[in-house]
Structure formats: structure tokens, C-alpha cells
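Contents: one structure, followed by commentary.
The values are calculated or read from the model by the stated rules, or taken from the named source; none is laboratory data. Bear in mind that the values here come from a model prediction, so they are computed numbers and not experimental data. Ideal geometry is used to build each Cβ from the backbone, glycine not excepted, and the neighbour counts take in all protein chains shown. Calculation scope for accessible area: heavy atoms of the full protein, side chains included, ligands and nucleic acids excluded. Shrake-Rupley method; radii C 1.70, N 1.55, O 1.52, S 1.80 Å.
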Amino acid sequence: MPHIVIVPGTNRAGSNSLHLARQVQSDYDALGCSTDLLELHLEADFLAPTAYQHHTAAITSRVDRFLKGDGVVFVIPEYNGSYPGVLKLFADMLPDKISFNQRPCAFIGIAAGNFQALRAVEHFQGVAGYRNAYMYPIRVFVGGVHKVIGPDQKLNDVALIERLQTQAKGFVAFIAALKPSG
Ligand SMILES: Cc1cc2nc3c(=O)[nH]c(=O)nc-3n(C[C@H](O)[C@H](O)[C@H](O)COP(=O)(O)O)c2cc1C
């Protein structure tokens with residue numbers, strides 16, 4: 001089974017993206033995948049003007065975790081009609097050629113409002129596509145997040161839970177289909 005890296009696309013304290021990412025992680029665990037929840041609580045090193053040329057141990061450690069993924073699931077919150085800057089900063093630290101190139105990626109959007117992070121996801125897909133990712137076409141969009149995630153930080157919407165599980169199964173099959181045979 002593939003190794004799945006799940007990236008909640010924000011570092012906001014108390015983020016709903018992180019709650020949702022934990023649910024997604026448990027779906028992949030249930031399928032027998034190994035998983036890594038790669039949070040973007042980026043160290044100050046990421047903001048150093050030298051960070052692009054010189055990766056400190058803290059940056060290398062997060063980048064390496066990303067590169068281990070046979071597939072990467074992005075849980076992307078909508079911030080001001082797009083995706084959070086911290087996610088772009090992380091993407092900009094991922095080395096050229098080996099990070100997105102031919103790496104299967106899946107996308108989940110999450111928002112307080114009715115646009116359900118469609119634009120946030122599509123903005124980020126523009127970056128992933130530019131970097132030659134293999135993008136799984138079935139995306140999941142979550143709007144009105146405060147209604148579907150309860151005070152226990154868990155999803156309470158059965159249809160949504162099923163959509164996420166369907167995406168997880170499909171993404172694992174997508175990864176298997178793309179793997180070179182032999
Ligand atoms: C800086 C910021 C900007 C936001 N902009 C939007 C927005 O444009 N549209 C929207 O529906 N929700 C917006 N939200 C609400 C988030 O979508 C909401 O907090 C949701 O829970 C996902 O983000 P989270 O992972 O930070 O919780 C914004 C939240 C923050 C912190």
C-alpha cells in the first residue's frame with residue numbers, strides 16, 4: 001500500500017483544516033496505507049532570505065517528509081478567496097523537478113462560506129499543475145465548515161464522510177495505476 005502524506009494547508013491555531021486532515025488520515029490508515037500528517041507549523045528558518053538557496057535542517061526535514069509520499073493529499077482552506085500564504089511558502093521550498101513532478105496529488109477544499117474553497121483549490125492546482133503533478137480528478141469541497149465540524153473537532157456529516165472515504169479509495173487506486181510496473 002502507498003505511503004500517503006496529508007498536508008493541512010495552514011498553520012492557523014485551532015484550524016479546521018487540521019481537524020479534517022486527521023479524519024482523512026484515519027481513512028487512509030483504515031485502507032492499510034502508512035500516513036504522515038505534515039503540518040505547516042513552519043519554523044522561522046522558512047522566512048530567512050537565504051532559505052531558498054540554503055535549506056536548514058528544519059526545512060530539509062519537512063521537505064524530506066513531503067518527498068516520501070507516494071501520494072500527497074492537500075486539505076486547502078479558503079483564505080481571502082484563495083489558499084493560505086504559508087502553503088505557497090512551503091511549495092516554494094520544495095525542490096524543482098523532484099517534488100510535484102509525476103507525484104500523485106489529491107485535493108480537498110474547506111471554507112466557512114458557500115464557495116467551498118473551489119477557487120482556493122483551483123489556485124493551488126495551478127501551482128501543482130505548473131510543477132507537473134499527477135492530479136487526481138475527484139476533489140472534495142466542504143462549505144459551511146462550522147456546521148459540519150462539531151465542538152469535538154470531528155465531522156458530523158455522514159454524506160461528507162462517505163465522499164472523503166470514496167476519494168481515499170479512488171486515490172489509492174489512482175496511485176497504483178500510475179506506478180511503473182515491475
Ligand atoms: C485569514 C482568513 C481568511 C479567510 N477568508 C475566507 C474566505 O475568503 N472565504 C471563506 O469562505 N472563508 C474564509 N475564511 C474562513 C476559513 O475558510 C475557515 O476558518 C475554515 O475553517 C478553514 O480555515 P481553517 O483551517 O483556518 O479553520 C478565512 C479565514 C481566515 C483565517
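Just wondering, is there one or more residues in the stretch 87-97 that are of a type in the set (Gly, Ala, Ser) and either within 16 Å of Gln25 (Cβ to Cβ) or surrounded by fewer than 18 Cβ atoms within 10 Å (Cβ to Cβ) (or both)?
Among the residues of the stretch 87-97, not one is of a type in the set (Gly, Ala, Ser) and either within 16 Å of Gln25 (Cβ to Cβ) or surrounded by fewer than 18 Cβ atoms within 10 Å (Cβ to Cβ) (or both), which makes the answer no.
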Odd one out for Gly113, checked against (1) surrounded by 13 or more Cβ atoms within 10 Å (Cβ to Cβ); (2) near the ligand (Cβ under 9 Å from one of its atoms): (1)
Residue, nearest to the chain's Cα centre (by Cα), within the stretch 27-48, restricted to residues that are surrounded by fewer than 14 Cβ atoms within 10 Å (Cβ to Cβ) and within 21 Å of Thr10 (Cα to Cα): His41
Residue check, Ala173 of a type outside the set (Lys, Arg), open to solvent by 20 Å² or more (accessible area, probe 1.4 Å) and either in a helix (DSSP H, G or I) or more than 16 Å from the ligand (Cβ to nearest atom) (or both): yes
Number of positions in the stretch 117-147 that are within 12 Å of the ligand (Cβ to nearest atom), surrounded by fewer than 20 Cβ atoms within 10 Å (Cβ to Cβ) and in a loop (DSSP other than H, G, I, E, B): 2
The stretch 65-88: number of residues that are touching a residue at least 40 places away in the same chain (Cβ under 8 Å) and within 15 Å of the ligand (Cβ to nearest atom): 12
Some residue of the stretch 99-108 being open to solvent by less than 10 Å² (accessible area, probe 1.4 Å), outside any helix (DSSP H, G or I), among the small types (Gly, Ala, Ser) and within 23 Å of Gln23 (Cα to Cα): yes
